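Novice: Below is a structure I'd like to ask you about.
The values are calculated or read from the model by the stated rules, or taken from the named source; none is laboratory data. Computed from a predicted structure; not experimentally measured. All Cβ positions, glycine included, derive from the backbone under ideal geometry; neighbour counts span all protein chains shown.
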Amino acid sequence: MRALGPGSVSSFLKIALDVIYVALWVWIGLLSVVSLVVLLMSFNPELLANRLHINGNVDELTGNGPLLAAALAGWALMSGGWMAIVERLRKIFGTLSAGDPFHPDNVRRLRLVGMILVGLEIGRYVFASVAHAIAKDVKVIDGSFTLNTWFSVLVVFVLAEVFREGARLRREAELTI
Amino acid sequence: MPIRVNLDRILLERRMSLTELSDRVGVTIANLSILKTGKARAVRFSTLDALCRELGCQPGDLVEYEAGPPSAVED
């Protein structure tokens, strides 16, 4: 199988990254708009009562509005983290397409991806704890410990070290006459 | 680095320019400059062969060991 060019695995991954990048922008935009709408609705319950037919307790829905808005904003923030990761991955892929995957910048990018993953995971725990403290009955976000995420973080940092060695060998090759 | 390259001196003795040597051995001027200024990390035997052939010298004439503190491996 070809390493680069049309029909290769890398070209498929590049398309996947581009699709995820665009989808994330749309997702963040939607989340931001919905958060704003939910927040505004919670301050003006008549809007809900008059214009929408809701089966259930409207007061309960409007009462949880700020919390729901905060949850949605939290999701938007997390999506921002994913976006930052995808952006770094696209840049790393750009260097691969240019035939220079062991560019020194890729080490920094991979470390940053690892740190963002750590930040997102810790942020999730904090957000879940705060949400649970405010509203015990409503489960806004799952704050349970997931080993897979920390394993992914470990993999990313190991890869960053591999790339660091690759960058050093690249430099050696450059200075071999 | 305790290894010193004497390319400058040999070129002067042979009255040969770096451009001319570059044409003869097929190594770019940029790479010869790296070698000349002592920034090179390694020299291929094929490059050494071409340099010795064109300059009419031995590898020992081109490089020289100077005792000093060992150079650290850079990142």
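Novice: Inspect segment A:81-97 for any residue being within 30 Å of B:LYS39 (Cβ to Cβ), within 14 Å of chain B (Cβ to nearest Cβ) and touching a residue at least 24 places away in the same chain (Cβ under 8 Å) and give the result as yes or no. Working first, answer last.
Specialist: Let us first name the residues in segment A:81-97 that are within 30 Å of B:LYS39 (Cβ to Cβ), namely A:91-92, A:94-97.
Then drop every residue that is not within 14 Å of chain B (Cβ to nearest Cβ), which leaves none.
No, that holds for no residue.
Novice: Continuing with the same structure: For segment A:128-161, name all the residues that are within 14 Å of another protein chain (Cβ to nearest Cβ) and among the hydrophobic types (A, V, I, L, M, F, W, C).
Specialist: Going residue by residue through segment A:128-161, those that are within 14 Å of another protein chain (Cβ to nearest Cβ) are A:160-161.
Correct list: A:ALA160 only.
Novice: Can you find a residue that is buried (at least 16 other Cβ atoms within 10 Å of the Cβ), within 11 Å of chain A (Cβ to nearest Cβ), in a loop (DSSP other than H, G, I, E, B) and under 11 Å from the mean Cα position of the chain (by Cα) anywhere in segment B:6-14?
Specialist: Among the residues of segment B:6-14, not one is buried (at least 16 other Cβ atoms within 10 Å of the Cβ), within 11 Å of chain A (Cβ to nearest Cβ), in a loop (DSSP other than H, G, I, E, B) and under 11 Å from the mean Cα position of the chain (by Cα), which makes the answer no.
Novice: Being away from chain A (no Cβ under 14 Å), out of contact with any Lys or Arg (no Cβ under 6 Å at 6 or more places or on another chain) and closer than 26 Å to A:ARG168 by Cα is the filter here; which residues of segment B:16-66 pass it?
Specialist: Listed by number, the list holds a single entry, B:TYR65.
Novice: Follow-up. Of all residues in segment A:158-177, which are within 31 Å of the chain's Cα centre (by Cα) and more than 13 Å from A:ASP105 (Cβ to Cβ)?
Specialist: A:VAL158, A:LEU159, A:GLU161, A:VAL162, A:GLU165, A:ARG168
Novice: Continuing with the same structure: Does at least one position in segment A:113-130 carry a residue that is more than 18 Å from the chain's Cα centre (by Cα), over 30 Å from B:ASP49 (Cβ atoms) and at pLDDT below 95?
Specialist: Let us first name the residues in segment A:113-130 that are more than 18 Å from the chain's Cα centre (by Cα), namely A:129-130.
The next check asks that each one be over 30 Å from B:ASP49 (Cβ atoms); those that pass are A:129-130.
If we keep only those that are at pLDDT below 95 too, we end up with A:129-130.
Yes, the conditions are met somewhere in segment A:113-130.
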